[in-house]
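The values are calculated or read from the model by the stated rules, or taken from the named source; none is laboratory data. Since this is a predicted model, take the numbers as computed values, not measurements. No Cβ is skipped: glycine too gets one built from the backbone with ideal geometry, and neighbour counts run over all protein chains shown.
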Ligand SMILES: [Zn+2]
Ligand SMILES: [Zn+2]
């Protein structure tokens with residue numbers, strides 16, 4: 001019983017952390033958008049309220065597996081998370097980050113593509129596409145069913161792939177940064193990167209915006225590998241695309 005209470009307490013604490021992190025980071029990028037693209041979100045007030053609502057609901061769902069696994073890591077020695085840099089060679093640090101991102105990307109690509117199947121789309125994924133065009137607040141704007149598919153990934157991977165706690169923090173940083181900036185409605189990264197050789201393999205806002213405009217293709221999260229391999233890559237979008245200002 002006390003174990004259950006401790007795990008529930010941890011889940012609640014993690015929900016609070018995820019929720020506050022969302023409000024702080026999305027809030028920061030929404031503010032930044034106001035500075036560099038004044039008026040971009042001018043007519044999107046009601047939509048942004050919905051994005052915050054669904055995102056905070058998602059925070060509650062993300063917090064549960066993350067909180068329970070964090071508790072088990074601290075109290076029961078669960079997971080392959082390590083804190084001593086000597087436990088694995090230093091070259092493994094960047095490799096572990098890449099393995100986490102690649103595994104997350106693979107899971108996301110296939111579940112996301114699956115959720116575009118019309119029946120599932122209506123149930124699980126339509127909420128995310130109600131953002132037309134998305135804003136910095138849409139980072140976690142998912143229906144609870146979709147939030148469940150996203151919430152289990154990192155808590156499952158820490159049981160399978162060894163990772164230093166600091167490297168895991170970096171993975172979560174990348175996850176948060178890309179989740180927000182991919183929906184921000186403008187490109188944060190330099191054109192030389194987006195249009196250069198790296199941009200052929202990395203996903204940034206210019207790529208994901210096209211997914212929201214076209215309602216298909218460009219299903220990946222961090223990398224374009226699966227999209228290119230499976231022929232679903234639509235290339236880079238622009239920010240005045242078909243989705244902009246569409247009313248239906
Ligand atoms: Zn989608
Ligand atoms: Zn999206």
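When the residues of the stretch 173-228 are filtered to those that are in contact with a strand residue (DSSP E or B) (Cβ under 8 Å, 6 or more places away or on another chain) and closer than 24 Å to residue 23 by Cα, which remaining residue is surrounded by the fewest Cβ atoms within 10 Å (Cβ to Cβ)?
Here the residue is 222.
Can you tell me which of 174, 160, 153 is within 19 Å of residue 64 (Cβ to Cβ) and in contact with a helix residue (DSSP H, G or I) (Cβ under 9 Å, 6 or more places away or on another chain)?
Only one candidate qualifies: 153.
So is residue 31 touching a strand residue (DSSP E or B) at 6+ places or on another chain (Cβ under 9 Å) and either surrounded by 14 or more Cβ atoms within 10 Å (Cβ to Cβ) or assigned to a helix (DSSP H, G or I) (or both) or not?
no
Provide a single number: the residues in the stretch 115-124 that are within 12 Å of ligand 1 (Cβ to nearest atom) and either crowded, with 19+ Cβ neighbours inside 10 Å or farther than 14 Å from residue 143 by Cβ (or both).
So the count comes out to 3.
Quick one: which helices (runs of 4 or more DSSP H) sit completely within the stretch 135-225 and have at least 2 residues that are in contact (Cβ under 8 Å) with a residue 12 or more places away in the chain and more than 12 Å from the chain's Cα centre (by Cα)?
Passing ranges, in order: 144-151, 153-160, 165-181, 205-214.
Go through the stretch 114-134 residue by residue and tally those that are more than 10 Å from ligand 2 (Cβ to nearest atom) and part of a helix (DSSP H, G or I).
Residues that pass the stated criteria total 11.
Suppose the filter is modelled with pLDDT under 95, away from ligand 2 (no atom under 15 Å from the Cβ) and assigned to a loop (DSSP other than H, G, I, E, B); does residue 238 pass it?
Judged against the criteria, residue 238 is a match.
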